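Okay, so here's the structure we're looking at.
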Amino acid sequence: MSTGTGIYHSEYNASQTEDLKFLQIWVIPNVEETKPEYHNYDIHPLLKRNELATFISPNGKTPAHLLQDAWFSMGTLDAGHSVIYRMHEPHTGVYIFVIEGEIEVAGEKLSRRDGIGIWDIESVSIKANSEAQVLAIEVAM
């Protein structure tokens with residue numbers, strides 16, 4: 001969703017009995033006064049086990065795009081598996097968020113709903129200590 005010149009939006013749990021599991025992320029655009037937009041994207045075809053798939057970028061090479069130097073990547077890693085996240089641009093940082101499971105990043109152990117921000121690097125290793133679903137958000141610093 002892009003709010004641009006303004007949009008009304010609200011989220012709520014439609015279930016009366018189940019807790020809502022929701023993650024909302026806001027990115028400040030590098031362009032102002034744009035037309036509001038809302039899209040749904042199916043990223044499942046991109047997702048491959050033990051890989052991080054980039055599904056949002058500023059360059060139009062992914063299903064979704066942002067008006068900002070930002071890349072969103074996600075993947076499910078098997079226990080014991082490691083992947084290397086390589087930065088897309090210099091002068092960016094990456095926020096790695098654990099959706100489910102346990103991982104190690106930069107010597108830190110992270111569990112469900114934990115995150116870590118890292119910058120001044122070209123790449124970083126992400127190791128799954130258990131099966132883990134990971135979201136990496138790279139942004140301009």
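The values are calculated or read from the model by the stated rules, or taken from the named source; none is laboratory data. In this text the structure is predicted, and so the values were computed from the model without any measurement. Methodologically, a virtual Cβ is constructed for each residue, glycine included, from the backbone with ideal geometry; neighbour enumeration extends over all protein chains shown. Keep in mind that these areas ignore ligands, DNA and RNA; they rest on the heavy atoms of the full protein, side chains included. Shrake-Rupley method; radii C 1.70, N 1.55, O 1.52, S 1.80 Å.
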TODO: Output the Kirkwood hydrodynamic radius of region 26-112, Cα pairs only, in Å rounded to one decimal.
DONE: 14.9 Å
Open item on the list: If you take every residue apart from Glu122 with its C-beta less than 14 Å away from the C-beta of Glu122, what net charge results, scoring Lys and Arg +1 and Asp and Glu -1?
Closed with: -2
Task: Once exposed loop chymotrypsin sites (Phe, Trp or Tyr not before Pro) are cut out (DSSP; at most 14 other Cβ, 10 Å), longest piece of the chain - done: 42-141
Open item on the list: So with the 1.4 Å probe, I'd like the accessible area per residue for region 92-131, rounded to whole Å².
Closed with: 54 Å²
Open item on the list: Through the Karplus equation 6.51 cos²θ - 1.76 cosθ + 1.60, θ set to phi - 60°, convert the phi angles of region 62-77 into ³J(HN,Hα) values in whole Hz; use x for Gly and Pro.
Closed with: 10, x, 10, 9, 10, 8, 6, 6, 8, 10, 10, 10, 8, x, 10, 10
TODO: Just list whichever of Lys48/Lys127; Lys35/Lys61; Lys21/Lys61 have alpha carbons separated by over 25 Å in the model shown.
DONE: Lys21/Lys61
TODO: Would you tell me the accessible area of Met74, worked out with a 1.4 angstrom probe on the heavy atoms of the protein chains, in Å² to the nearest 10?
DONE: 30 Å²
Task: For the chain, size of Cβ-based charge dipole, Lys and Arg +1, Asp and Glu -1, in debye - done: 220 debye
Task: Euclidean distance of C-alpha centroids, region 67-96 and region 105-141, integer Å - done: 8 Å
Open item on the list: Please list 3J(HN,Hα) in residue order for region 109-118, calculated via the Karplus relation 6.51 cos²θ - 1.76 cosθ + 1.60 where θ = phi - 60°; whole Hz, with x for glycine and proline.
Closed with: 8, 10, 10, 3, 6, 8, x, 9, x, 9
